[in-house]
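Some notes on the structure that comes next.
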Amino acid sequence: MLVQIGAQPNFGLLEFWGELSLFEGCDAYRLQVPQLKVHPHSFESINIPDVYPAGYLAENLGISVLGMHATCFPIVADIERKIAARARA
């Protein structure tokens, strides 16, 4: 698990996986931060398998507290789906 707290995320921590696809997040009321591009149904990174940016770090979520909560359920559902698929294999 990787947790980042601060005004600007340090995506350099993920550079091992190559160039990241970033989205310029914009919210009229709060921070303006680059966000990782994700699959919209699961919030899994399009660049790094099994990495799930949440909250402010996920593309197109809006930079708000609501966005932080909105990522939790699809992320957990996708991880559970992968665990079940691996158990069947």
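When Ala70, Ala89 are screened for being surrounded by fewer than 19 Cβ atoms within 10 Å (Cβ to Cβ) and either at pLDDT below 80 or within 19 Å of Phe11 (Cβ to Cβ) (or both), only Ala70 passes.
Considering segment 19-43 alone, what residues qualify as being in a loop (DSSP other than H, G, I, E, B), crowded, with 20+ Cβ neighbours inside 10 Å and at pLDDT 80 or above? Within segment 19-43, just Phe43 meets the criteria. Looking only at segment 44-67, residues that are among the small types (Gly, Ala, Ser) and at pLDDT 85 or above come to 1 in all.
The values are calculated or read from the model by the stated rules, or taken from the named source; none is laboratory data. Keep in mind it's a predicted model, so treat the numbers as computed, not measured. With ideal geometry, Cβ positions are generated from the backbone for all residues, glycine too; neighbour counts draw on all protein chains shown.
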